[in-house]
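Engineer: Below you'll find the structure I mean.
The values are calculated or read from the model by the stated rules, or taken from the named source; none is laboratory data. Just so we're clear, the structure is a prediction, and the values are computed from it rather than from any experiment. Reconstructed Cβ throughout: ideal geometry from the backbone, glycine too, with neighbour counts over all protein chains shown.
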Amino acid sequence: MYNKYEFFSVNQDGPVLEITINRPNERNAITFAMEDELDMLLHTATDDDSVRVVTLRGAGKLFSAGHDLKEVAEGYIKNAIPSGRDPHRIPKLRRMWYFPKPIIAAVHEFVGPIAIDLVAHCDFVIAAEGTRFSFEQARMGAGIIHWSPLVFMFPMRVWKKLTMMGGWFTAEQGLKWDFVQRVVPPEDLDKTVRAWANEIALVPPEQTKSARIGIHRQYELMGLANMALVQNNFSGHGAQVDREFFRRVLQEGVGKAVKFRQTNSDGSITQI
């Protein structure tokens, strides 16, 4: 049932469905096709009564670099689509938001823009020591995510710094805001996540489903469902420097484009 996916490796161990982002050679960069595939995977797991808990990991050296910048650059430069995808589509919360079962994210090394939003849709986050959560693409190219649960998860000035300056923070800082629930040595990450999954699996699924759906509906009523209404077609894109950044992504590669983006940036200031 769970062995037909292009971008994810999936393993079921008892009541725990283990999903791994499986593009290590591309730093687990997330594409639109991957987002659609994850939606299909979760749709299947929704109706599978043998699954009580889902865990989400990243294969290889890091969790995920964020969105695939080449894909966005092609949309921006070649097709004149500011966000890389049809700007007229209706922005909405991810399928993960409406998934009725608990999701635990296991993150390590680096969590880039969009990947942070993916993690925000999970219920709990276990991070390896030294993990860096980055919104540095907001300096140019990333735009702003207006319809994400992240706005409810950070203090306002943290969210402003991330989106206005292209900031970043450590797992230990995320722990202070309860964005991260545990920070553990890298060698203990899988063991800790499995222990959490086993603990949650002991709770009757009717209880976890009721709690997850009910809490999410409460946040929707507080305004989360209407966040998309403040979204404009450019998502923060539009500056000439954005175009130059994406041109470099296509012509020189992501590494050189990122180096260009970070020119004169002081990481000690942009860190939360």
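Engineer: Considering (1) farther than 16 Å from Val119 by Cα; (2) touching a residue at least 12 places away in the same chain (Cβ under 8 Å); (3) not acidic (Asp, Glu), say which one Trp168 fails and leave the rest.
Structural biologist: (1)
Engineer: Could I ask something else about it? Scan region 204-217 for residues that are more than 15 Å from His121 (Cα to Cα) and of a type outside the set (D, E, K, R) and jot them down.
Structural biologist: Once the filter is applied, which keeps residues that are more than 15 Å from His121 (Cα to Cα) and of a type outside the set (D, E, K, R), region 204-217 yields Pro204, Pro205, Gln207, Thr208, Ser210.
Engineer: Select from region 153-168 the residues that are part of a helix (DSSP H, G or I), buried (at least 16 other Cβ atoms within 10 Å of the Cβ) and not hydrophobic (A, V, I, L, M, F, W, C) and list them in ascending order.
Structural biologist: Matches in region 153-168: Lys161, Thr163.
Engineer: Does region 35-49 hold any residues that are modelled with pLDDT of 95 or more and either within 15 Å of Pro113 (Cα to Cα) or touching an Asp or Glu at 6+ places or on another chain (Cβ under 8 Å) (or both), and which are they?
Structural biologist: Glu37
The rows are residues; the columns are (1) within 18 Å of Val54 (Cβ to Cβ); (2) more than 14 Å from the chain's Cα centre (by Cα).
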position	(1), (2)
Asp123	yes, no
Pro186	no, yes
Leu189	yes, yes
Lys209	yes, yes
Arg212	yes, yes
Leu221	no, yes
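Engineer: Exactly one condition in (1) over 16 Å from the mean Cα position of the chain (by Cα); (2) crowded, with 23+ Cβ neighbours inside 10 Å; (3) among the acidic types (Asp, Glu) is not met by Glu136; state its number.
Structural biologist: Exception for Glu136: condition (1).
Engineer: Taking region 176-195, which residues are closer than 24 Å to Pro149 by Cβ and without any contact (Cβ under 8 Å) to a residue 40 or more places away in the chain?
Structural biologist: Lys176, Trp177, Asp178
Engineer: So His43 fits all but one of (1) surrounded by fewer than 16 Cβ atoms within 10 Å (Cβ to Cβ); (2) touching a helix residue (DSSP H, G or I) at 6+ places or on another chain (Cβ under 6 Å); what number is the exception?
Structural biologist: (2)
Engineer: Pull out all pairs, ordered by first then second residue, where Cβ-Cβ is under 8 Å, the residues are six or more apart or on different chains, the first lies in region 141-152 and is under 17 Å from Gly174 (Cα atoms) and at pLDDT 85 or above, and the second is among the hydroxyl-bearing types (Ser, Thr, Tyr) and assigned to a helix (DSSP H, G or I).
Structural biologist: As it stands, the answer is Pro149/Tyr219; Phe152/Tyr219, since those pairs meet every condition given.
Engineer: Suppose the filter is among the hydrophobic types (A, V, I, L, M, F, W, C), closer than 17 Å to Phe7 by Cβ, crowded, with 24+ Cβ neighbours inside 10 Å and modelled with pLDDT under 95; does Leu56 pass it?
Structural biologist: The answer is no for Leu56.
Engineer: Among (1) within 22 Å of Asn264 (Cα to Cα); (2) buried (at least 22 other Cβ atoms within 10 Å of the Cβ); (3) among the aliphatic types (A, V, I, L, M), there is one condition Val119 misses while meeting the rest; what is its number?
Structural biologist: (1)
Engineer: Go through region 30-69 and count every residue that is on the phi > 0 side of the Ramachandran plot and among the charged types (D, E, K, R).
Structural biologist: 0
Engineer: Cβ-Cβ below 8 Å, separation at least six or inter-chain, first residue in region 2-28 and surrounded by fewer than 13 Cβ atoms within 10 Å (Cβ to Cβ), second at pLDDT below 95: which pairs?
Structural biologist: Once the first residue is surrounded by fewer than 13 Cβ atoms within 10 Å (Cβ to Cβ) and sits in region 2-28, its partners that are at pLDDT below 95 give Glu6/Ala33; Asn11/Tyr2.
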